[in-house]
Structures are given as structure tokens and as C-alpha cells.
Amino acid sequence: DFYRRILQKDKANAYAANGLGTVLAEKGELSKAKEIFNRVREVSGDTISDALLNLGHIYLAQKKHPEALQMYTSYMNRTKSSSGSQATSKSQEDDEAEVLLYIAFAYFDWARQTELFNNAKAAPADERYQKCISYIDKAMKKSKRENVTLRYNWCLAKLQAANCVLQKVNRNIRRTAAEVKDALSGLEESLPILQTMLQWKDEGRKVAISKVMLSQVVN
């Protein structure tokens, strides 16, 4: 209601339009929200970089992964070339870490969708899981402190990537001994991390992931 009132008084207020698009997206009206975000981009010339992020989220919700990745990458390039000006109240490194995680999840979700073929067409999923892991690695390096959620996501991606490699034999996809070895190494590396998180949970330490989820992944 406030955003609409602002736009009635100032039709060129791209910030209010961007806010209105966000509300519509939250209400599930993705097509209307996307139309608004695209209009904000046209009017602002990408100076309101949040519109790029919002478009990325819309495309991801619509399972349009290449388009989502393009928006997230454009946001990263835009904020890096903005002479150090901040797009949000977060530090530049924290902001970049967050967007790197969006990119990682886009690759993760794309890989899972590709695996639904469950035949030779699922082959690209392997590379997409590896991209996901590489972007989580970058996000962890950007974060100034140890982030349990990021580490959990990294372990989960390792699990899914390993499963994808091991399933190749059932999908008529060629796999190498090196790929299998890397997959198993990923599991061996991530399992102790998850077990430690589960132990922290038992000790009453603050861990953002539920005990049920941790137990399921460990099993």
C-alpha cells in the first residue's frame, strides 16, 4: 500500500517499484514481479542493482537456471565496478559471499533437476554439482568467520555430487576410476564435519541445522 501511494505521487520512483515487485514476488505473483523488475532495470540502467538479484530469484523459482545465473553474475559485476559503493548495509565481502551462495544453489538446483532424467541425459548434472561446490568454496573464503551453514551446504553438495557419480553406472553414463575416487574422498572428507555438528547439537551448542536433518545426511 505504501509503495503504491509513493508511485501515485512519483511514477518514476524506481525504488518504490522495486519494493512493490518484491512484495508481489512474496505473494507468488512471479510474472507481475518479473515485469516490474525488468522495468526497474530499464529505467534505472542497473543502478538499482537489487533488481538484478530479485530477477535472479524469480528466474530460479521458475527453474530458469541459466537466466538466474546471468542475473546473479551481472549483480556481482555491477557491485564490483561501482567504485566501492555498497549495494546493501552489509560489508562488500559479506554481500559477495551471499551472492556466491545464490549462484551455488542455482547450480545445485539445476543439477538436481537434470538428474530427474535418470538416464544418459543426466550427464551434465555432475559438472553442475562441481560448479556448486566451487562457488561454496569461494563463499567460505569471503566469509570472515566460520559459517556452519555454509559448511553444511558444502557437505551436502559433496554428498549429492558423489551420489551423482555413483549413479552413472545405472544411467549408461561413462565414469572413470578417478571420478569414483574423488566422489568417495568427498564423502570421507565431509562425514566427520557433519558428525562434529551433530555432536555440537547434542552438547547444546547453537547450530542452525536441525538434528533430524543432520542425522539424515550422516546416515
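Before moving on, here are some points about what is shown:
- Relative to one another, the C-alpha centroids of region 150-211 and region 1-62 are positioned 38 Å apart.
- The charge dipole of region 1-139, taken about its Cα centre with unit charges on the Cβ atoms of Lys, Arg (+1), Asp and Glu (-1) only, comes to about 500 debye.
- Contour excess over end-to-end distance, with Cα ends at Asn163 and Lys9 and 0.36 nm allotted per residue: 49.9 nm
- Across every direction, the projection of the convex hull enclosing the Cα atoms of region 108-213 has a mean area of 7.2 nm².
- Contact order relative to length of the chain, as percent, for alpha carbon pairs under 8 angstrom and 6 or more apart: 11 percent
- Take the chain with all the other protein chains still there, run a 1.4 Å probe, and you get 58 Å² of accessible area per residue.
- With all protein chains in place and a 1.4 Å probe, the accessible surface of the chain carries 50 percent carbon and sulfur.
- Taking all Cα-Cα distances within region 87-158, those exceeding 18 Å account for 41%.
- A Gaussian network model of the chain, with springs between Cα atoms under 10 Å, assigns the largest mean-square fluctuation among Ala111, Ala139, Ala208 to Ala208.
- At 1.002 mPa s and 20 °C, Stokes diffusion of the chain via Kirkwood alpha-carbon radius, µm² per second: 111 µm²/s
- Solvent-accessible surface (1.4 angstrom probe) belonging to Phe108, in square angstrom, nearest 10: 20 Å²
- Residue pairs, from the table Lys142/Lys211; Lys63/Lys158; Lys32/Lys64; Lys80/Lys142; Lys9/Lys32, whose Cα atoms sit over 24 Å apart: Lys142/Lys211
The values are calculated or read from the model by the stated rules, or taken from the named source; none is laboratory data. Here the structure is a predicted model, which is why all the values come from computation and not from measurement. Here the Cβ is made from the backbone with ideal geometry for all residues, glycine too, and neighbour counts use every protein chain on show. Heads up: the accessible areas ignore ligands, DNA and RNA and are worked out on the full protein's heavy atoms, side chains in. Shrake-Rupley method; radii C 1.70, N 1.55, O 1.52, S 1.80 Å.
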